[in-house]
Amino acid sequence: MKKMYAVLWLLLFASVALQAESASPATAAATQITLGQSIVALNGPWKFHIGDNPQWADPNFDDSAWQNYTVDPKHTALTAVQAIQSDALPGWQQHEHPSYTGYAWYRIRLQVPPDADSLALLMPRYVDDAYEVYVNGQKIGNFGRLDGWHAFYANQPKLFSVPPTALKGTPVTLAIRFWNPRYEALPSEQNLGGGLRGVPLLGPPELLRVFQQSVQERIGQTSRSWHLLLLTAACGAVGILSLFLFFISRRQREYLWAGISLIGLAIVAAATGIQHAQQTSIPLQLAYTVAFVGYFVGFLTLPLAAMHLLGVPRPLWRRVNYVVFAVVFAYGLVALGLVFGFLPPTVTLDRINSLTLAPYLPFILLLVAITVDGLRTIGRKAWVLLTPGVLFACYLIVFELFASKGRFELIARLLFDSVPFSILVIFLMRFTAQQRENIRLVDDMKQAQEVQRVLIPEKLPQVPGLTIESEYRPAREVGGDFFQIIPHGNDGSVLIVVGDVTGKGLQAGMLVALIVGAIRSTAQFDPDPLVVLRSLNQRLCGRGQAHATCLALRIAADGAVTLANAGHLPPYVNGKELPMEGALPLGMVESAEFSVMHFQLAPGDHLMLMSDGVAEAQDEQGQLFGFERINEMLRKSVTAAEVATAAQAFGQEDDISVLSVICTTKSIADSQLV
């Protein structure tokens, strides 16, 4: 294949050189160009006119009054090789039409040999920005969209086959209709844009394909598409990994915001790659919009990630972040409005659009402020955690001051590329540390479970005259409900204490251990229910959020019951709720008063105590199990296990504990005598 290309190139050089000698007198003399059996660089002279009129594609249209136009005035005889190797040439704004944007037409007449039945036109890589090609009034192709909603694409050499039907007539008229966006008229654009900024080539299709491939290879060598593709993959992969870590650890919001920020940067890299890619079918306006969205998603979420990573998610920084984002977003809207033509290319807007680092300074200062706050909060470790933000800020400085002007581009790339990888390293280190902490917490949880198994009796004590049944269904590994059954051997009474501490998990389990220990130590000296509650209240007061509802009752040998309540659900006797006065839970007020009542249990009476986890069970539609269902169940003769199972099947949200006490004889003393 390489040998074939070499032979073709030698033939092309020879044919183009001969053609240049024969064509130059004709081009210098008039608007007609004689076309031989080779490739011709259509440098001119063209006929040019600004504006738009469909009749200008007509070969019979008189364009003698139009402006004479040479694409590259520095060369009178331009070879095809020189045409494809040249850089971007000045457009019509440098050809007597400064600051003009919109529609314009090029026309040229070609003298085609009668036997020419296979020709093609290779449009140059550099054009501004969308165009349609006509041969003898017949449209043979287009690049972009000129009518209605305008669309243009990344510059690329486009090859158009000239159908034999379009070659009928002598001479052949080639007309090109161009459209140029409004922002090309900005003063900072230096009046270089508009229309042809390279020289079209006309000749045999097979030879022009070789030229087209050569141009595309040159573009591929200078394009950043591969780099941007890798950057898109890196940012996207790390971003998705961060979101995955967030779903594992919902409390770690830095994973969420960093993941969104990285996906935003991946979108920017992908959209920028589209702008540099060849043969893309995505308009640059859409690519600009996608990049705009991704860029500013990253601007909004990166400071949020830094706040949570450094442990300083303060309302002040959030408000400042929204203000900074609004400033940068407004600057981006101006740039986007100019690209789409919504805003006029005025000097004022051009100055705003030409600002380099100024719009991003508030963002950089915000990151610095978060860093300082993080240093005060967690120390020097903040610098390591904020490395991605520092790298991104340095990238903005280098890119806006230097790389956008063609300098230090490699440094800017390295800084941008380092952002996702630094986040990956930090998150892997953080996740590893969290896993070690989780393993430690699991061990602590297992130990707490062992403690709770000791504290919550699995085998209930045998109390003569009473049948006691219990069911305990914790919502987590370690529950917050508790109960104790303490018989008193001297007088035949029994003390029953049930309760529910605030919270769940390990902290609740440790609080249960404290309460159970206090119950047993107090009951040894005085098993009176009111004394027990007052003692527990003193133990819990002053311990922060150490609160608990609790119900203590003492059943005497003759069935007399003394009951004291501290905010717990009243018990049920024979399916009916006992009317008790309300009282504060334990640990709220040191001098709290607790409600006390007395009643008598007769043989066959059924006493049922339960935690609020039964009534607060909730189904998928958010409907509570509720007291009505409890009352309906208790009208029948149900066990503690049946009540707990019904609530758990309905939808457990909290710990469920149910204690059933049935009086089986006239008095406990009678059973002892038997």
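The values are calculated or read from the model by the stated rules, or taken from the named source; none is laboratory data. Because the structure is predicted, anything quoted here is derived from the model rather than measured. No Cβ is skipped: glycine too gets one built from the backbone with ideal geometry, and neighbour counts run over all protein chains shown. Protein only, heavy atoms only, side chains kept; ligands, DNA and RNA dropped before computing areas. Shrake-Rupley method; radii C 1.70, N 1.55, O 1.52, S 1.80 Å.
One table, with the values for the structure above:
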read-out: Tally, over the range 579-612, of residues that are in contact with a Pro (Cβ under 9 Å, 6 or more places away or on another chain) and either of a type in the set (Asp, Glu) or under 30 Å from residue 651 (Cα atoms) (or both); value: 6
read-out: Residue within the range 278-293 that is modelled with pLDDT under 85, closer than 30 Å to residue 39 by Cα, surrounded by 16 or more Cβ atoms within 10 Å (Cβ to Cβ) and out of contact with any strand residue (DSSP E or B) (no Cβ under 9 Å at 6 or more places or on another chain) present; value: yes
read-out: Single condition residue 232 does not satisfy, out of (1) under 22 Å from residue 422 (Cα atoms); (2) open to solvent by 20 Å² or more (accessible area, probe 1.4 Å); (3) at pLDDT below 85; value: (3)
read-out: Search result, residues across the range 295-332 that are closer than 26 Å to residue 273 by Cα and open to solvent by 40 Å² or more (accessible area, probe 1.4 Å); value: 297, 300, 325, 329, 330
read-out: Selection from the range 398-412 of residues that are of a type in the set (A, V, I, L, M) and either at pLDDT below 80 or out of contact with any Leu (no Cβ under 7 Å at 6 or more places or on another chain) (or both); value: 401, 403, 410, 411, 412
read-out: Count of the range 113-134 residues which are surrounded by fewer than 22 Cβ atoms within 10 Å (Cβ to Cβ) and touching a Ser or Thr at 6+ places or on another chain (Cβ under 9 Å); value: 5
read-out: Residue that is modelled with the highest pLDDT [pool: residues in the range 471-489 that are crowded, with 18+ Cβ neighbours inside 10 Å and among the acidic types (Asp, Glu)]; value: 471
read-out: Residue within the range 139-155 that is within 23 Å of residue 340 (Cα to Cα), buried (at least 20 other Cβ atoms within 10 Å of the Cβ) and in contact with an Asp or Glu (Cβ under 6 Å, 6 or more places away or on another chain) present; value: yes
read-out: Filtered residues of the range 559-595 (kept if crowded, with 17+ Cβ neighbours inside 10 Å and among the charged types (D, E, K, R)); value: none
read-out: Cβ pairs under 7 Å, 6+ apart, first in the range 492-510 and in a loop (DSSP other than H, G, I, E, B), second at pLDDT 90 or above and of a type in the set (Gly, Ala, Ser); value: 493/556; 502/548
read-out: Residue match in the range 341-348 (condition: closer than 15 Å to residue 265 by Cβ, without any contact (Cβ under 8 Å) to a residue 60 or more places away in the chain and assigned to a helix (DSSP H, G or I)); value: no
read-out: Qualifying residue in the range 405-414 (condition: over 18 Å from residue 331 (Cα atoms) and touching a residue at least 40 places away in the same chain (Cβ under 8 Å)); value: yes
read-out: Search result, residues across the range 96-112 that are touching a residue at least 40 places away in the same chain (Cβ under 8 Å) and more than 21 Å from residue 134 (Cβ to Cβ); value: 97, 98, 99, 100, 101
read-out: Qualifying positions in the range 355-372 - over 15 Å from residue 423 (Cβ atoms), hydrophobic (A, V, I, L, M, F, W, C) and in a helix (DSSP H, G or I); value: 358, 361, 363, 364, 365, 366, 368, 369, 370, 372
read-out: Identity of the residue in the range 128-157, closer than 17 Å to residue 181 by Cβ and of a type in the set (Ser, Thr, Tyr), that ends up nearest to the chain's Cα centre (by Cα); value: 153
read-out: Test: residue in the range 536-545 that is open to solvent by 20 Å² or more (accessible area, probe 1.4 Å) and in a helix (DSSP H, G or I); value: yes
read-out: Any hit, the range 84-107, residues being surrounded by fewer than 23 Cβ atoms within 10 Å (Cβ to Cβ), more than 28 Å from residue 186 (Cβ to Cβ) and among the small types (Gly, Ala, Ser); value: no
read-out: Filter result (modelled with pLDDT of 85 or more and more than 16 Å from residue 302 (Cα to Cα)) within the range 246-260; value: 247
read-out: Residues (within 22 Å of residue 537 (Cα to Cα) and among the hydroxyl-bearing types (Ser, Thr, Tyr)) located in the range 476-502; value: 502
read-out: Residue tally, condition free of Cβ contacts under 8 Å to residues at least 60 places away in the same chain and touching a helix residue (DSSP H, G or I) at 6+ places or on another chain (Cβ under 8 Å), over the range 160-188; value: 1
read-out: Test: residue in the range 599-616 that is closer than 30 Å to residue 490 by Cβ and free of Cβ contacts under 8 Å to residues at least 40 places away in the same chain; value: yes
read-out: Residue in the range 618-631 that is touching a Leu at 6+ places or on another chain (Cβ under 7 Å) and either surrounded by fewer than 13 Cβ atoms within 10 Å (Cβ to Cβ) or not charged (D, E, K, R) (or both) present; value: yes
read-out: Residue in the range 546-556 that is part of a loop (DSSP other than H, G, I, E, B), free of Cβ contacts under 8 Å to residues at least 60 places away in the same chain and within 30 Å of residue 446 (Cβ to Cβ) present; value: yes
read-out: Selection within the range 636-668 - surrounded by fewer than 17 Cβ atoms within 10 Å (Cβ to Cβ) and of a type in the set (D, E, K, R); value: 636, 642, 653, 666
read-out: Subset of the range 539-590 [of a type in the set (Ser, Thr, Tyr) and under 24 Å from residue 637 (Cα atoms)]; value: 572
read-out: Selected residue [within 17 Å of residue 262 (Cβ to Cβ), open to solvent by less than 70 Å² (accessible area, probe 1.4 Å), in a helix (DSSP H, G or I) and not charged (D, E, K, R)] from 391, 375; value: 391
